1. Please go through the stretch 133-153 and pick out each residue that is open to solvent by less than 80 Å² (accessible area, probe 1.4 Å), assigned to a loop (DSSP other than H, G, I, E, B) and within 20 Å of residue 111 (Cβ to Cβ).
2. Look through the stretch 17-34, keep the residues that are touching a residue at least 60 places away in the same chain (Cβ under 8 Å) and surrounded by 14 or more Cβ atoms within 10 Å (Cβ to Cβ), and return whichever of them is farthest from residue 84 (Cα to Cα).
3. In the stretch 15-27, what count of residues is obtained for those that are part of a helix (DSSP H, G or I), of a type outside the set (Ser, Thr, Tyr) and either more than 12 Å from the ligand (Cβ to nearest atom) or more than 14 Å from the chain's Cα centre (by Cα) (or both)?
4. Within the stretch 105-130, can you find the residues that are in contact (Cβ under 8 Å) with a residue 40 or more places away in the chain, closer than 13 Å to residue 151 by Cα and within 12 Å of the ligand (Cβ to nearest atom)?
Amino acid sequence: MDIREASAVDIDGMSRVLDEIFAAKLRTTPGSPAFVRARYIEDRGRLACSVAVDEQGLIAGFQSLKRAVADNEYGVAPGWGIIGTHISPRAARRGVGAALFEVSRQAAQAAGLTMIDATIGKTNTAALAYYQAMGFRPYRTIDGCICKCSEVV
Ligand SMILES: CC(C)(COP(=O)(O)OP(=O)(O)OC[C@H]1O[C@@H](n2cnc3c(N)ncnc32)[C@H](O)[C@@H]1OP(=O)(O)O)[C@@H](O)C(=O)NCCC(=O)NCCS
């Protein structure tokens, strides 16, 4: 897997990943190219958004790291990081998420973040286990979600 910073050329591939996750019933909405552009490529809080590209040149997954702005939709403390991970089911459990997190962790350090929030559906056992394995620990709950956080080290 090649890991690199996402750009506009990756929008369709990232959208496909979200649609594959949706088709597998692991997220509640698909991810149109317009959604990906607004949410990940052009988001004003973006610190890093890394894509993992497989041997065929297809995007296998991506991870986004943003700086929480005032009144963000997750209620995360302004200045913290907000992380989101999206790995296609075709590439799951092959270490892609762990490799992406190492890149995001370094980006968080470089940006001077001290804490990162991951807001996870409370029944999403894979994601709960993944973030636990990446060093995140529960610190609050909101509407159907468990929020875990990790100090940036
Ligand atoms: C959750 C998710 C990000 C994990 O990514 P991944 O690339 O499959 O994870 P990795 O292979 O890097 O796994 C790293 C570690 O996380 C844990 N883990 C990952 N998936 C797991 C699962 N399904 N069950 C239990 N533990 C899991 C394990 O400790 C794993 O290490 P190991 O394989 O050596 O045991 C991925 O499955 C995904 O994107 N799911 C759909 C979208 C989603 O739910 N995103 C999170 C929204 S909050």
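1. Keep residues of the stretch 133-153 that are open to solvent by less than 80 Å² (accessible area, probe 1.4 Å), which gives 133-136, 140, 142, 144-150, 152.
So of that shortlist, the ones also assigned to a loop (DSSP other than H, G, I, E, B) come out as 134-136, 144, 152.
Hits for the stretch 133-153 are 134, 135, 136, 152.
2. The extreme case among them is 20.
3. Restricting attention to the stretch 15-27, the residues satisfying the condition of being part of a helix (DSSP H, G or I) are 15-23.
Still in the list and also of a type outside the set (Ser, Thr, Tyr): 16-23.
Narrowing further to those that are either more than 12 Å from the ligand (Cβ to nearest atom) or more than 14 Å from the chain's Cα centre (by Cα) (or both): 16, 19-20, 22-23.
Final tally of qualifying residues: 5.
4. In the first step, residues of the stretch 105-130 are kept if they are in contact (Cβ under 8 Å) with a residue 40 or more places away in the chain; the result is 105, 107-109, 111, 113, 116-117, 119, 124, 126-127, 130.
Then keep just the ones that are closer than 13 Å to residue 151 by Cα; that gives 105, 108-109, 113, 116-117.
If the condition is that a residue be in contact (Cβ under 8 Å) with a residue 40 or more places away in the chain, closer than 13 Å to residue 151 by Cα and within 12 Å of the ligand (Cβ to nearest atom), then 117 is the only one that fits.
The values are calculated or read from the model by the stated rules, or taken from the named source; none is laboratory data. Please read these numbers as outputs of a predicted model, since none were measured by experiment. Because the Cβ atoms are built from the backbone with ideal geometry, glycine has one as well, and the counts that use them run over all protein chains shown. To get the accessible areas, we keep the full protein, side chains included, count just its heavy atoms, and leave off ligands, DNA and RNA. Shrake-Rupley method; radii C 1.70, N 1.55, O 1.52, S 1.80 Å.
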